[in-house]
Amino acid sequence: MRFVSIPALGVMLLATGIALTPYIGTAAPPKKSPEKTPPEIIASREAAQQFGAALKEALQHAIDNGGPANGISVCHDKAGQIAAEFSQQKGILIGRTSLKTRNPNNAPDNWELAVLKQFEARKDQGEPADSLEFAAVIEDDQGKKTFRYMKAIPTAALCVKCHGESIEAEVEGKLKELYPNDQARGFKEGDLRGAFTLAAPVP
Ligand code: HEC
């Protein structure tokens, strides 16, 4: 995911006076103590959930009205647009990434790569795929701090039409044309397809 600075978020974080530092390098607190969950994690969870719902709705609508091949257009043309709209609206940069990407623009950076691997390991240890999340404040060489949050995206039945092991010919043809380096296939229901990834500068 590419980084752009969104001033609005700085204002939002300042306004709520959130102390982010105690969560550096630690997983988000467990759900059973919601009163202790920091507000920026609750906000990130909500933003990821709404972004995911908007994508799924657009996708389902397109598939209902023209099959999976039609759905590809929505993913191709609208996923980025919906992400940009949400980023603007929420004041937090939001996107999707994966260990196996279809669109190379969604390739993970080093931090995202580490978190995606951590999600796979946690899933292998029995954590439910749909509750995997991670948050941290990271600092670059110049001391610039960024709040980052990721939430796992499990593969549902709908997803394997375009990300599964056997893909129907019409869909396959369209995918080949648009994504010559597509790696986002071979997934089974229940696998981790990827993650939502959110980032915001910390003032
Ligand atoms: C109609 C075909 C289609 C279906 C169904 C579909 N996807 Fe995709 N998916 C795509 C396309 C096309 C892209 C590339 C979008 C782009 O260019 O940014 C993509 C990209 C993604 C990405 C971003 C990472 C990457 O690989 O570039 C994730 C995550 C993802 N899909 C998850 C899912 C999940 C979860 C489902 C099921 C709820 C699903 N997809 C269903 C076609 C589909």
Practice task
Note the full-extension length gain between GLU189 and LYS117 as 0.36 nm times their separation in residues minus their Cα-Cα distance, in nm to one decimal.
Solution key: 24.1 nm
Fill in the blank from the handout: Under the rule rounded for a/c under 1.5, else prolate if a/b exceeds b/c, else oblate, using alpha carbon gyration tensor axes a ≥ b ≥ c, region 119-181 is classed as oblate
Practice task
List the lysines whose Cα lies under 25 Å from the Cα of LYS78, skipping any in the same chain that are fewer than 8 positions away.
Solution key: LYS56, LYS90, LYS100, LYS151, LYS161, LYS174, LYS176, LYS188
Problem - Summed side-chain charge close to ALA58 - residues other than ALA58 whose Cβ falls under 14 Å, Lys, Arg +1, Asp, Glu -1 - result: -1
Problem - Cα→Cβ-extended label distance, 7 Å offset, between LEU158 and GLN60, nm - result: 0.5 nm
Handout entry: region 56-78 and region 157-203: distance between their alpha carbon centers, rounded to Å
Key = 13 Å
Exercise for the section: Give me D for region 38-201 in µm² s⁻¹, whole number, from Stokes-Einstein with Rh from the Kirkwood sum over alpha-carbon pairs, 20 °C and 1.002 mPa s. Expected result: 130 µm²/s
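Only the coordinates and a few stated rules stand behind these numbers; no lab work does. What you are looking at is a predicted structure, and each value in this text was computed from that prediction instead of being measured. Please note: Cβ atoms are built from the backbone with ideal geometry, for glycine as well, and neighbour counts cover all protein chains shown.
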